[in-house]
Amino acid sequence: MAHSLSPECTPLKKEYDSCFNAWFEGYLEPAVAASASSAERAKYSKQKAEEYERNCGKIWGQYQECVQNAVKNRGLNDLLKQAREENPLREPPSSPPS
């Protein structure tokens with residue numbers, strides 16, 4: 001796993017990465033089951049979203065706050081603002097043709 005933008009954020013990043021990877025592995029296994037109905041998949045997705053929030057949401061918030069502070073402390077806010085103005089993300093990128 002890579003380091004974070006700022007050394008003081010790296011422990012939070014590692015904790016979040018570990019939490020997310022464990023959650024995601026469990027999410028994928030049954031989520032792709034071909035036998036599940038649309039309603040069953042929707043119910044399962046809702047349960048997994050709630051599980052993510054319980055297990056990883058707080059860590060994500062702490063890590064995000066740390067990175068935002070690091071961006072601010074390094075004076076990168078103006079550069080990010082300029083980049084967003086020059087290249088706004090209005091729509092998700094289109095998928096390449098199959």
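The values are calculated or read from the model by the stated rules, or taken from the named source; none is laboratory data. All values derive from a computational prediction rather than experimental measurement. A quick note on method: Cβ atoms are made from the backbone with ideal geometry, for glycine too, and the neighbour counts reach across all protein chains shown. The area values use the complete protein model at the heavy-atom level, side chains included, leaving out ligands, DNA and RNA. Shrake-Rupley method; radii C 1.70, N 1.55, O 1.52, S 1.80 Å.
Structural remarks
- Lys/Arg +1, Asp/Glu -1 at C-beta; the chain dipole; positive extreme among Q68, C9, L28: Q68
- For the chain, the number of Lys pairs separated by eight or more positions or lying on different chains, with C-alpha atoms closer than 26 Å, is 14.
- Rel. contact order, % - alpha carbon contacts under 8 angstrom, at least six apart, the stretch 9-77: 54
- Accessible solvent surface per residue of the chain, calculated while the other protein chains remain in place, 1.4 angstrom probe, Å²: 80
- Under the Karplus curve 6.51 cos²θ - 1.76 cosθ + 1.60, θ = phi - 60°, whole-Hz ³J(HN,Hα) for the stretch 64-75, x wherever Gly or Pro sits: 4, 4, 4, 5, 4, 5, 5, 4, 4, 5, 8, x
- Shown for the chain: the carbon plus sulfur share of the solvent-accessible area, taken with all protein chains present and a 1.4 angstrom probe, equals 54%.
- Potential extension, S94-S18 segment - 0.36 nm per residue separation minus Cα distance: 24.4 nm
- Value at 222 nm in deg cm²/dmol, rounded to 500, when DSSP H runs of n ≥ 4 in the chain each add -39,500 (n - 2.57): -21000 deg cm²/dmol
- FRET efficiency, 1/(1 + (r/R0)^6) with R0 30 Å, evaluated for E86 and A39 via beta carbons: 0.10
- Listed values for the stretch 11-25 are Karplus-derived 3J(HN,Hα) couplings in whole Hz (6.51 cos²θ - 1.76 cosθ + 1.60, θ = phi - 60°), namely x, 5, 4, 5, 5, 5, 4, 5, 4, 4, 4, 5, 5, 5, 4, and x replaces Gly and Pro.
- Labels on offer are (1) -0.73, -1.13; (2) -0.42, -1.63; (3) -0.65, -1.23, and the one holding log10 I(q)/I(0) by the Debye sum over Cα atoms at q = 0.13, 0.25 Å⁻¹ computed from this structure is (1).
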